[in-house]
Structures are given as C-alpha cells and as structure tokens.
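The values are calculated or read from the model by the stated rules, or taken from the named source; none is laboratory data. Because the structure is predicted, anything quoted here is derived from the model rather than measured. Note: ideal-geometry Cβ built from the backbone for every residue, glycine included; neighbour counts use all protein chains shown. Each accessible area value is taken on the protein alone, full model and side chains, heavy atoms only, with ligands, DNA and RNA left out. Shrake-Rupley method; radii C 1.70, N 1.55, O 1.52, S 1.80 Å.
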Amino acid sequence: MNLTESLRFQAGKLPLLISIPHAGTRLTPAVEAGLTTAARPLSDTDWHIPHLYDFAHDMGASILIGNYSRLVVDLNRPDDDQPLYTTATTGLFPETLFDGQPCFMSGKTPSPQERQSYLMQIWRPYHQQLQRELERLRAKFGYALLLDAHSIASVIPRLFEGKLPDLNFGTNSGASCSPSLSKQLIECCEHQSTFSHILNGRFKGGYITRAYGLPQDHQHAVQLELSQLNYMSETEPYTYQPERAARLQQLLQPLVDTMLKWGEQQYHR
C-alpha cells in the first residue's frame, strides 16, 4: 500500500506556520471497513479549520494540513503513544471516540502491520514537513512561530465538565512559548466580550505544541482549540456557518496579528 498525498503544505512569506493536523477525513481501506456506525460520521474531525483560517493563508502564513482522519493515525500524539493527559483522552491509534463509543467493530481493528505503515507514511511525513518548515523559518527570520489550530464540540461530558470556553489556548503550562507572547494573546482576547477564553485549561497543548515549542531556540508554539459552536453546526452534517465564522474571524485575525507583531518586537528591536 502506498499512501500518497498524506498532507497539504504551502510555504508562506511570514515567520508563522499554522499546523492543522485533525481536519483530514481520508480513510485507508482497513479503517473504513472496520468503523462502527457511531464512528462513520467522523465526528471527532476538526471540521472546516482550513477554511476558517483562510485569512492567514491570504496574509502569507505557511499552512500545513493533514489529509487523513485522526481515526487512521493521530498526528498530534507522540509516535510511542505515551499519554499526554491524566484525564480521558484518545491515543495515537484511537480505539474510542471522544464520547467513549468504540471506533471499530469487534475484530475489525487494523492490524499492527497496517498501523505501522500509517505511522511511517502518514504520521512521519507530517512531522518531517513541520520540522523542515520551522527550520526554514528560523534560518530566514531568526525565529519561528507555530500556531497549532484545532477545534472540538463545545460539550463533551467524557472530556470536560459543562461547556468549553470559546477559545482554549495551550502552551504546555507555559513551556512552549515566551510568557510575553501568551500574555499578549490573552490581552487581545480581553479587548472583546463576545468570546470566552482560557489559557492552559483542559487543553494545555498536544504533542505538536509540546515537541516543537522550544522558546530557548527561538521557536514558539501555541495551541488554539476552538469551540465548534462558534463557526459550524455541531450535529451532522457539520455544516460551516459563514455568519458565525465571520464573527469568530474578527478575533482570530487580531490574534494572528498579535503573534506576528510580538515576533517583530521581540527579535527586531
């Protein structure tokens, strides 16, 4: 099996890479054949995130998008599948959905050999491209900014109590970026009252934020987990809601601007 076109990448002209690992919906034959009825809608996808961040693409940010569903292999988990959270979560090769229902019918889980090929042909190319681009940005600008872009349903009782804040910033408890960068992002959110926000709440950043957030090497990573309620329908068929999305983009664009201006101020005084 040759898994081609596992990702989409476009190099930009700014010192910012936006990583979108969970928007993919492509399945391998083995995964597609084994999915339960509950898993077939791919509810745990980060729906429409590339569309939502079109403005950043137009600005000139580099964009990296995974094409395969996280039910094949999760690009935001370490390749040794060590758990990132002590609370309920999903792994490198998810066995359950966010709501706890099984992903695969009994006896229909992809084989270890198949999953090893997913690791080699889907997970690894994504991370190789991510690393190459961050190295290019650091070589060109002297620093690199990484925004790992995600979304999730606003209410998932198995993962968190109540309703999720609208914007959930994760910096690995402050280790993945300069404190002054996260401070400015939160201050940007405080200039508006439409959307709620939190820093290092339930979502502190997944593997990408933790592995590539190296502020000591002038490489700063922030994860942003968005509540899907603010830009799409949270029920099938998970349709994009342009009016809601436009309101959310009125905050997302200033946040991207804040990251870029912070970099300029920090490194080009």
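Points worth noting:
- Among all positions in segment 108-118, there is at least one residue which is at pLDDT 95 or above and under 30 Å from Ala61 (Cα atoms).
- Taken over segment 61-89, the criterion of being open to solvent by less than 20 Å² (accessible area, probe 1.4 Å), aliphatic (A, V, I, L, M) and either within 13 Å of Thr45 (Cβ to Cβ) or at pLDDT below 95 (or both) is satisfied by Ile65, Leu71, Val72, Leu75.
- Leu92 vs. criteria surrounded by 15 or more Cβ atoms within 10 Å (Cβ to Cβ) and without any contact (Cβ under 8 Å) to a residue 40 or more places away in the chain: yes
- Test: residue in segment 173-180 that is at pLDDT 95 or above, under 19 Å from His22 (Cβ atoms) and over 16 Å from the mean Cα position of the chain (by Cα): no
- Helices (runs of 4 or more DSSP H) contained in segment 108-217 and holding at least 1 residues among the charged types (D, E, K, R), crowded, with 17+ Cβ neighbours inside 10 Å and without any contact (Cβ under 8 Å) to a residue 24 or more places away in the chain: none
- Matching residues in segment 222-237 - criterion: being assigned to a loop (DSSP other than H, G, I, E, B) and open to solvent by less than 30 Å² (accessible area, probe 1.4 Å): Tyr231, Ser233
- Per-region count, segment 11-42, residues polar (S, T, N, Q) and surrounded by fewer than 19 Cβ atoms within 10 Å (Cβ to Cβ): 3
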